[in-house]
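In what follows, a structure is listed as structure tokens, so that the remarks can point back to it.
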Amino acid sequence: MLSSLPPEEVRPESGVRIKKGELEVEVWGSREFVESTLEKLKEEFFKKEVLVTQTVKPSSPSMTFTEYLAEEAKVLGREPDTLKGYEKILLIGYYIYTTENRDFTYEDIERLKTEARLSGLENPRQYMGVLIRKGYVSETGTEGGKKVFRMLRRGLQYVESGFREAEA
């Protein structure tokens, strides 16, 4: 009969199992190895997870874009007007995606920019080119003669990470 445990003489002397939510990590080996690995996990994994869970998602369709920006500013630790133009457009696309579950247009950008009194978006077409090249947004066609854009997974993750590039 085969056993999943190593023979007595090669069994690791120490081990640790950590479960957080649905994720479970188990490390076995010498005491030094387990302790150093545990430190690396605490430094790398748990800190990154905290950053990701601090994302502000509009709580309901009744949350206005201006209210959403105010909440996002608290999380980011800076005012939305200090963001790059393409990041402001991503916030607009993210807001529309999460509250209205639809794609967005240049008219949506103009409407929400005006509502929230955002500066620095005089030429959204220039920023849209950057977003498309970076793979954050794609053009899905036209609707009623207006270009329509879709938030891609990478763009959603970029907003949810507080505008930090995801590691490959």
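The values are calculated or read from the model by the stated rules, or taken from the named source; none is laboratory data. Bear in mind that the values here come from a model prediction, so they are computed numbers and not experimental data. As a convention, Cβ positions derive from the backbone with ideal geometry for all residues, glycine included, and neighbour counts pool all protein chains shown.
Mind checking whether some residue in the range 53-66 is assigned to a helix (DSSP H, G or I) and at pLDDT below 85? Yes, there is a match, as at least one residue in the range 53-66 is assigned to a helix (DSSP H, G or I) and at pLDDT below 85. For GLU122, the conditions (1) among the charged types (D, E, K, R); (2) within 16 Å of LEU90 (Cβ to Cβ); (3) at pLDDT below 95 all hold with the exception of (2). Collect the residues in the range 76-95 that are free of Cβ contacts under 8 Å to residues at least 40 places away in the same chain and not in a loop (DSSP other than H, G, I, E, B), keeping them in residue-number order. Once the filter is applied, which keeps residues that are free of Cβ contacts under 8 Å to residues at least 40 places away in the same chain and not in a loop (DSSP other than H, G, I, E, B), the range 76-95 yields PRO80, ASP81, THR82, LYS88, ILE92, TYR95. Taken over the range 99-124, the criterion of being under 13 Å from GLU87 (Cα atoms) and in a helix (DSSP H, G or I) is satisfied by ILE109, LYS113, PRO124. Residue selection: VAL50 satisfies the criterion of being modelled with pLDDT under 90, closer than 19 Å to GLU165 by Cα and among the β-branched types (Val, Ile, Thr). Would you check if GLY77 is exposed (fewer than 12 other Cβ atoms within 10 Å of the Cβ), at pLDDT 75 or above and assigned by TED's automatic domain parsing to the domain that holds ARG133? Here the answer is yes, as GLY77 does meet what is asked. For the range 114-127, check the following and say yes or no: at least one residue is surrounded by 15 or more Cβ atoms within 10 Å (Cβ to Cβ), under 24 Å from VAL75 (Cβ atoms), touching a strand residue (DSSP E or B) at 6+ places or on another chain (Cβ under 7 Å) and without any contact (Cβ under 8 Å) to a residue 60 or more places away in the chain. No, there is no match, as no residue in the range 114-127 is surrounded by 15 or more Cβ atoms within 10 Å (Cβ to Cβ), under 24 Å from VAL75 (Cβ atoms), touching a strand residue (DSSP E or B) at 6+ places or on another chain (Cβ under 7 Å) and without any contact (Cβ under 8 Å) to a residue 60 or more places away in the chain.
The single condition among (1) of a type outside the set (Ser, Thr, Tyr); (2) assigned to a helix (DSSP H, G or I); (3) out of contact with any strand residue (DSSP E or B) (no Cβ under 9 Å at 6 or more places or on another chain) that GLY155 does not meet is (3). Counting the residues of the range 130-152 that are surrounded by 13 or more Cβ atoms within 10 Å (Cβ to Cβ) and assigned to a helix (DSSP H, G or I) gives 4.
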